[in-house]
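**Student:** Below: one structure in C-alpha coordinates.
The values are calculated or read from the model by the stated rules, or taken from the named source; none is laboratory data. Predicted model only: the values in this text are computed from it and were never measured. FYI the Cβ positions are ideal-geometry reconstructions off the backbone, even for glycines, and counts take in every protein chain you see. Note: accessible area is taken over every heavy atom of the protein model, side chains too, but ligands, DNA and RNA are not part of it. Shrake-Rupley method; radii C 1.70, N 1.55, O 1.52, S 1.80 Å.
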Amino acid sequence: MSNHVYKKIELTGSSSKGIQEAIENAVLKASETTDNMRWFEVIETRGHINEGKVEHWQVTIKVGYTLE
(Lines give C-alpha, C1' and ligand atoms only; values in the text may rest on other atoms or scores of the structure.)
Protein backbone atom coordinates (compact mmCIF):
# COMPACT_ATOMS: atom_id res chain seq x y z
CA MET A 1 0.00 0.00 0.00
CA SER A 2 1.43 3.36 -0.95
CA ASN A 3 1.41 6.44 1.26
CA HIS A 4 -0.92 9.22 0.14
CA VAL A 5 -1.04 12.92 0.82
CA TYR A 6 -4.48 14.49 0.68
CA LYS A 7 -5.73 18.02 0.24
CA LYS A 8 -9.22 19.01 1.39
CA ILE A 9 -11.68 21.42 -0.17
CA GLU A 10 -14.96 22.60 1.31
CA LEU A 11 -18.11 22.57 -0.82
CA THR A 12 -21.79 23.32 -0.27
CA GLY A 13 -24.30 21.49 -2.44
CA SER A 14 -28.02 22.15 -2.57
CA SER A 15 -31.14 20.28 -3.57
CA SER A 16 -34.89 20.55 -3.28
CA LYS A 17 -35.12 16.74 -3.01
CA GLY A 18 -32.86 15.82 -0.10
CA ILE A 19 -29.51 15.55 1.63
CA GLN A 20 -28.05 12.82 -0.57
CA GLU A 21 -28.80 14.71 -3.77
CA ALA A 22 -27.25 17.88 -2.31
CA ILE A 23 -24.04 15.95 -1.60
CA GLU A 24 -24.06 14.32 -5.03
CA ASN A 25 -24.58 17.71 -6.72
CA ALA A 26 -21.54 19.15 -4.93
CA VAL A 27 -19.33 16.15 -5.75
CA LEU A 28 -20.45 16.03 -9.38
CA LYS A 29 -19.76 19.73 -9.94
CA ALA A 30 -16.36 19.55 -8.23
CA SER A 31 -15.40 16.52 -10.33
CA GLU A 32 -15.46 18.77 -13.41
CA THR A 33 -12.30 20.54 -12.19
CA THR A 34 -10.83 18.38 -9.40
CA ASP A 35 -9.18 15.01 -10.04
CA ASN A 36 -8.48 12.13 -7.63
CA MET A 37 -11.31 12.81 -5.18
CA ARG A 38 -11.37 9.96 -2.66
CA TRP A 39 -13.69 10.72 0.27
CA PHE A 40 -16.02 13.27 1.84
CA GLU A 41 -17.24 14.16 5.29
CA VAL A 42 -20.43 16.07 6.11
CA ILE A 43 -19.67 19.23 8.05
CA GLU A 44 -23.05 20.97 8.19
CA THR A 45 -26.62 20.34 7.12
CA ARG A 46 -29.22 23.06 6.91
CA GLY A 47 -32.39 23.79 5.03
CA HIS A 48 -35.00 26.32 4.09
CA ILE A 49 -38.49 26.09 5.55
CA ASN A 50 -41.51 27.51 3.76
CA GLU A 51 -45.01 27.37 5.22
CA GLY A 52 -44.04 24.70 7.72
CA LYS A 53 -42.38 22.37 5.20
CA VAL A 54 -38.77 21.73 4.25
CA GLU A 55 -38.36 23.33 0.86
CA HIS A 56 -34.63 23.13 0.18
CA TRP A 57 -31.51 21.43 1.58
CA GLN A 58 -27.93 22.71 1.79
CA VAL A 59 -25.12 20.37 2.83
CA THR A 60 -21.54 21.48 3.43
CA ILE A 61 -18.91 18.79 2.94
CA LYS A 62 -15.14 18.51 2.96
CA VAL A 63 -13.76 16.46 0.08
CA GLY A 64 -10.32 14.87 0.22
CA TYR A 65 -8.33 14.26 -2.92
CA THR A 66 -4.88 12.81 -3.44
CA LEU A 67 -2.05 15.01 -4.57
CA GLU A 68 -0.02 13.73 -7.49
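**Student:** Step through the residues of region 30-42 one at a time and calculate ³J(HN,Hα) from phi using the Karplus curve (6.51 cos²θ - 1.76 cosθ + 1.60, θ = phi - 60°), rounding each to whole Hz and writing x for Gly and Pro.
**Tutor:** Whole-Hz 3J(HN,Hα) from phi for region 30-42: 5, 5, 5, 10, 10, 8, 6, 5, 10, 7, 9, 9, 7.
**Student:** Could I ask something else about it? Carbon-plus-sulfur fraction of the accessible area of region 9-68, 1.4 Å probe, in percent? Don't skip to the end; give the middle numbers.
**Tutor:** Values: 1990 of 4210 Å².
About 47 percent, which is the carbon plus sulfur part of the accessible surface.
**Student:** If the convex hull of the alpha-carbon atoms of region 12-68 is projected onto planes in all directions, what is the mean projected area in square nanometres? Don't skip to the answer; put the middle values down first.
**Tutor:** Details: hull surface 15.3 nm².
Projected over every direction and averaged, the Cα hull of region 12-68 covers 3.8 nm².
**Student:** Determine ³J(HN,Hα), in whole Hz, for all residues of region 14-25 in sequence, where each value follows from phi through the Karplus function 6.51 cos²θ - 1.76 cosθ + 1.60 and θ = phi - 60°; x replaces Gly and Pro.
**Tutor:** Per-residue couplings from phi come out as 9, 6, 8, 9, x, 5, 4, 5, 4, 5, 4, 4 Hz.
**Student:** I'd like to check one number: the per residue accessible area of the chain, probe 1.4 Å, reported in Å² as a whole number.
**Tutor:** For the chain, the solvent-accessible area averages 76 Å² per residue.
**Student:** I've got another one for you. Pull up all non-local amide H partners of Gly47: gap of 5 or more, or a different chain, and H-to-H distance under 5 Å with H placed in the peptide plane.
**Tutor:** Distant-sequence amide H within range of Gly47: Gln58.
**Student:** Continuing with the same structure: Roughly how many nanometres apart are two label points built 7 Å out from the Cα toward the Cβ at Met37 and Lys62?
**Tutor:** Calculated label separation equals 1.7 nm.
**Student:** To the nearest Å, what is the center-to-center distance of region 2-53 and region 54-68, using C-alpha atoms only?
**Tutor:** 2 Å
**Student:** A follow-up question, please. Give the long-range amide H neighbours of Thr34: residues separated by 5 or more places, or on another chain, with amide H under 5 Å away, using H modelled in the peptide plane at 1.01 Å from N.
**Tutor:** Amide H to amide H, under 5 Å and 5 or more residues apart or across chains, Thr34 pairs with nothing.
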